[in-house]
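Below you'll find the structure, written out as structure tokens, and then a few comments.
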Amino acid sequence: MNGDKMETSCNCDLLLDFVNTLDKRPHSEELETPAALAEWLAGRGLVEPGMKATAADLREAIELREALRTLLATHNEVEGDFDAASAVLDRVSRGAKLGVCFAGGGLHLEPQCSGIRAALGKIVAEVATAMSEGTWARMKACRADDCLWVFLDTAKNQSRAWCSMKSCGNREKVRAYRARHAHA
């Protein structure tokens, strides 16, 4: 680890950015339409510019995004349906026909299809990379149920619970303080 940055081969920013396409505070949805999905994926080099997405592609992308949020929230002691979320990743992986490939003396997963399905498969492949190198456990969703913004926990002891102490962490501290002193 170098300073506050972690050395990884996983594209953590892609995973974090994908899940954070929905910001709950204030509510902001980047993937409102199939065209917005295709544009977002093209902007990250996951599909060719001009690629068309369907309403079904959008539903699958949002389902994948929310499954990832659920799994990342469990890293921060937030309850969620782990099995159902994992099943979504399994389904997307199978749909993208992820295959093991060897290049440059390394191993990686690569979709054996094209289009939006392949792009979503590439996102799932990054999850597998993050898991294999240990970065996945450091990816978390904020504990605040009205936030759930995802972030990479760079604390040495992996104890970070909030996306920001200035907002969610501070609100929780004030809430706990008031609860303790309400009975006094």
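The values are calculated or read from the model by the stated rules, or taken from the named source; none is laboratory data. The model shown is predicted, which means the values in this text are computed figures rather than measured ones. Neighbour counts are summed over all protein chains in view; Cβ atoms, including those assigned to glycine, are modelled from backbone coordinates with ideal geometry. To get the accessible areas, we keep the full protein, side chains included, count just its heavy atoms, and leave off ligands, DNA and RNA. Shrake-Rupley method; radii C 1.70, N 1.55, O 1.52, S 1.80 Å.
Structure notes:
- Residue count for the stretch 23-41 under the criterion of being surrounded by 14 or more Cβ atoms within 10 Å (Cβ to Cβ), at pLDDT 95 or above and either within 14 Å of the chain's Cα centre (by Cα) or not small (Gly, Ala, Ser) (or both): the result is 7.
- Residue within the stretch 7-22 that is part of a strand (DSSP E or B) and under 18 Å from the mean Cα position of the chain (by Cα) present: yes
- Verdict on GLU126 being in contact with a helix residue (DSSP H, G or I) (Cβ under 6 Å, 6 or more places away or on another chain), open to solvent by 10 Å² or more (accessible area, probe 1.4 Å), at pLDDT 90 or above and not aliphatic (A, V, I, L, M): yes
- In the stretch 78-106, the residues that are free of Cβ contacts under 8 Å to residues at least 60 places away in the same chain reach residues that are assigned to a strand (DSSP E or B) and open to solvent by 90 Å² or more (accessible area, probe 1.4 Å) with C-beta atoms within less than 7 angstrom, at least six apart or across chains, in these pairs: VAL100/LEU107.
- Pairs with Cβ under 9 Å, 6+ apart, first in the stretch 15-39 and without any contact (Cβ under 8 Å) to a residue 24 or more places away in the chain and within 14 Å of MET51 (Cβ to Cβ), second of a type in the set (S, T, N, Q) and assigned to a helix (DSSP H, G or I): none
- Search result, residues across the stretch 107-123 that are open to solvent by less than 30 Å² (accessible area, probe 1.4 Å) and in a strand (DSSP E or B): PRO111
- Within the stretch 114-127, the set of residues being under 11 Å from CYS12 (Cα atoms) and either without any contact (Cβ under 8 Å) to a residue 24 or more places away in the chain or among the aliphatic types (A, V, I, L, M) (or both) comprises ILE123, VAL127.
- Top-ranked residue in the stretch 134-154 [being open to solvent by 30 Å² or more (accessible area, probe 1.4 Å) and in a loop (DSSP other than H, G, I, E, B); ranked as nearest to HIS75 (Cα to Cα)]: ARG143
- Looking across GLU66, GLU48, one residue alone is open to solvent by 40 Å² or more (accessible area, probe 1.4 Å) and part of a helix (DSSP H, G or I). It is GLU66.
- Every residue from the stretch 95-106 that is open to solvent by 60 Å² or more (accessible area, probe 1.4 Å) and closer than 24 Å to ALA35 by Cα: LYS97
- Selected residue (criterion: surrounded by the most Cβ atoms within 10 Å (Cβ to Cβ)) from residues of the stretch 71-92 that are outside any loop (DSSP other than H, G, I, E, B) and in contact with a strand residue (DSSP E or B) (Cβ under 8 Å, 6 or more places away or on another chain): LEU72
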